[in-house]
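Before any comments, here is the structure.
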Amino acid sequence: MKQRIKLKSLLFLCCLLASAGAQSQRSNPTAGMEPMLDLKFTATERDSLLSRLEDYLTLYKSLHHHALPNSAGMALFFDPRPTGFVMPADVEKPEWNLPDHVAMPANREALAFMPVYQLASLIRSRQLTSVELTKLYIARLKRHSETLQCTITLMEESALSQASRADREIATGRYRGPLHGIPYGLKDLFAVEGTPTTWGATPYREQVVAGTATVVRKLEEAGAVLVAKLTLGALAMGDIWYGGKTRNPWNLLQGSSGSSAGSAAATAAGLVAFAIGTETWGSIVSPSTRCGATGLRPTFGAVSRAGAMTLSWSMDKVGPICRSALDCALVYDVIRGEDAADPVTRKSTFSYRAATPITRLRIGYIKSLFDLDTANRGHHDRALNVLRKLGVDLVPVEVPQGLPVDALSMITGV
C-alpha cells in the first residue's frame with residue numbers, strides 16, 4: 001500500500017513538472033522525482049510510466065477548464081437518503097418463495113451450473129451434501145483454472161472442513177439458510193486470516209493481511225463454504241494479473257474484463273456457485289456483462305468494505321456475482337448492513353417479495369451509454385429485449401454530460 005501511494009504521488013508530481021514545459025522532464029519526467037519519493041526505476045520502467053504520465057497531464061488540463069469555488073467540498077461519502085428521511089425498521093424478512101422440491105440432475109456435472117436457490121433446496125432436503133458439491137467445484141477449479149486464468153488460491157483443505165461442518169449441522173437440524181453449504185469464490189483483495197491476499201499484483205504475491213474481511217465472516221456465519229480466492233486485474237484494474245490474463249469462458253480469445261475478473265469467469269464457467277466482487281467503476285457490471293453472469297453492484301455503503309483493498313475511499317462497493325438475479329438477492333441479504341469497521345455503512349431495509357409481478361417494475365437505463373458501439377453492445381441489447389418481453393417498464397434517462405469525471409477519479413482514488 002505504501003508503494004502504491006508513493007507511485008500515485010510520483011505520477012501527480014511528475015505531471016506538475018511536465019506541465020511546466022521543461023523539455024528534459026517531458027522526455028523522462030520520472031528521473032528527477034525518484035529521490036524525493038525514495039523510489040528507483042530502471043530505464044525500462046520509466047519508459048513504461050511515460051504514457052500514463054501523458055494521460056494524467058491531459059486529465060489535469062481538463063480539470064483546469066472546470067473551476068470550482070474554494071468552498072465546494074469533495075463528495076467523500078454518498079448517502080442516498082434525502083434530508084430528514086427516516087429509514088423504516090428492518091423487521092420484515094424477505095419472502096423468497098424458494099422451491100421445496102428440486103430433482104437431482106441425471107448428470108451430476110449439471111450441478112455446477114445450477115443456481116444457488118436450487119442447490120440450496122438439494123442440500124436442505126439432503127439429496128446432496130455440501131462435501132459432494134464442494135468436491136465437484138474443486139475438481140472443476142483444478143480442471144479449468146489454468147485455461148481461464150481465474151484462480152489464485154485454491155482453498156481445498158479449509159473448504160472441505162467447512163463443508164463437513166455444514167453437513168453435520170444440517171444433519172442435526174441446524175439449517176442456517178439458503179447459503180448453508182454452498183461453495184463460493186472470493187476476489188483476492190479480501191483478507192482471509194492466514195491466507196495470502198495478493199491484490200493480483202507481483203509485489204503482493206506473498207502478502208498476508210491480518211484478520212478476515214467482514215463480508216467473509218458474514219458468509220461464514222451463513223454457512224457458505226469459501227473454496228477459492230479468485231483473480232483480479234492488478235490492483236483492481238482490468239483483467240491482467242501477475243499470472244496472466246483472465247479469460248471469458250465463452251470466448252477464450254477475449255479477456256473477461258475486470259477488475260472482478262476471476263469472480264465473473266469462474267461463476268459463469270460453473271467453477272463456483274457464486275462469487276464476491278468489488279466495484280469502483282464498473283468492476284462488477286463489466287465482467288458480468290462480458291462473461292454472461294449476473295452481477296449486483298449495491299449502493300455505496302450498503303455492504304461493508306472492511307478487510308478489502310481500497311481503490312477509492314468514496315467509490316468502492318462490494319457485491320455478488322451469480323448466475324441469477326434471485327441468487328444475487330440471497331447473497332446480498334447476507335452481506336449487507338452496518339459494520340463498525342466501515343463508517344460509511346448504514347442501516348437499510350431489504351423487503352424482497354418474490355410474488356410481486358415483474359410488470360410493476362420501472363427500470364431506468366442510460367440510453368446514450370446503451371447505444372455506444374462497444375464490445376458489450378450485443379449483451380446490452382439482449383438484456384433490454386428480455387426485460388421488454390417480461391413486461392418491465394423501461395425508462396430511458398440521461399445524466400449530465402461534459403463533466404471531467406475521468407479526471408476526478410485521480411483525486412478520489414488511493
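Things to note:
- The criterion of at least 3 residues that are closer than 30 Å to Val225 by Cα, in contact with a Pro (Cβ under 8 Å, 6 or more places away or on another chain) and not polar (S, T, N, Q) is met by the following helices (runs of 4 or more DSSP H) wholly inside the stretch 301-414: 325-335.
- Members of the stretch 157-176 found to be without any contact (Cβ under 8 Å) to a residue 24 or more places away in the chain and either part of a helix (DSSP H, G or I) or among the hydrophobic types (A, V, I, L, M, F, W, C) (or both), listed by number: Glu157, Ser161, Arg165, Arg168
- Look at (1) closer than 14 Å to Ser263 by Cα; (2) crowded, with 24+ Cβ neighbours inside 10 Å and you find that Ile240 fails only one, number (2).
- Screening Arg297 against (1) free of Cβ contacts under 8 Å to residues at least 40 places away in the same chain; (2) surrounded by fewer than 19 Cβ atoms within 10 Å (Cβ to Cβ); (3) assigned to a loop (DSSP other than H, G, I, E, B) leaves a single unmet condition, (2).
- Options Ala341, Ala354, Ala293, Ala325; residue that is aliphatic (A, V, I, L, M) and more than 19 Å from Ala120 (Cβ to Cβ): Ala341
- Every test in (1) out of contact with any strand residue (DSSP E or B) (no Cβ under 8 Å at 6 or more places or on another chain); (2) assigned to a loop (DSSP other than H, G, I, E, B); (3) surrounded by fewer than 23 Cβ atoms within 10 Å (Cβ to Cβ) is passed by Arg217 save one, and that test is (2).
- Where a residue in the stretch 61-80 is over 17 Å from Thr280 (Cα atoms) and its partner, wherever it lies, is aliphatic (A, V, I, L, M) and surrounded by 12 or more Cβ atoms within 10 Å (Cβ to Cβ), with Cβ under 7 Å and at least six apart: Ser62/Ala407; Leu63/Ala407
To keep it simple, each residue is scored yes or no on (1) closer than 17 Å to Cys328 by Cα; (2) touching a His at 6+ places or on another chain (Cβ under 9 Å); (3) in contact (Cβ under 8 Å) with a residue 40 or more places away in the chain; (4) surrounded by fewer than 24 Cβ atoms within 10 Å (Cβ to Cβ).
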{"position": "Thr231", "(1), (2), (3), (4)": "no, no, yes, no"}
{"position": "Ala236", "(1), (2), (3), (4)": "no, no, yes, no"}
{"position": "Lys245", "(1), (2), (3), (4)": "no, no, yes, yes"}
{"position": "Ala264", "(1), (2), (3), (4)": "yes, no, yes, no"}
{"position": "Arg290", "(1), (2), (3), (4)": "no, yes, yes, no"}
{"position": "Met309", "(1), (2), (3), (4)": "no, no, yes, no"}
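- Any hit, the stretch 358-377, residues being in contact with a Ser or Thr (Cβ under 8 Å, 6 or more places away or on another chain), closer than 20 Å to Trp281 by Cβ, in the same structural domain as Gly223 (by TED's automatic domain parsing) and surrounded by 12 or more Cβ atoms within 10 Å (Cβ to Cβ): no
- Only one entry in Thr147, Thr198, Thr202 is closer than 22 Å to Val318 by Cα and among the β-branched types (Val, Ile, Thr), namely Thr198.
- From the list Asp90, Asp100, the one residue that fits, being in a loop (DSSP other than H, G, I, E, B) and at pLDDT 85 or above, is Asp100.
- One residue alone among Gly211, Gly258 is crowded, with 24+ Cβ neighbours inside 10 Å and in a loop (DSSP other than H, G, I, E, B), and that residue is Gly258.
- Candidate set from the stretch 164-208 (those that are of a type in the set (Gly, Ala, Ser) and under 19 Å from the mean Cα position of the chain (by Cα)); member that is surrounded by the fewest Cβ atoms within 10 Å (Cβ to Cβ): Ala201
The values are calculated or read from the model by the stated rules, or taken from the named source; none is laboratory data. Values in this document were obtained by computation on a predicted structure and should not be read as measured data. Here Cβ is always computed from backbone atoms with ideal geometry, including for glycine, and neighbour counts include all displayed protein chains.
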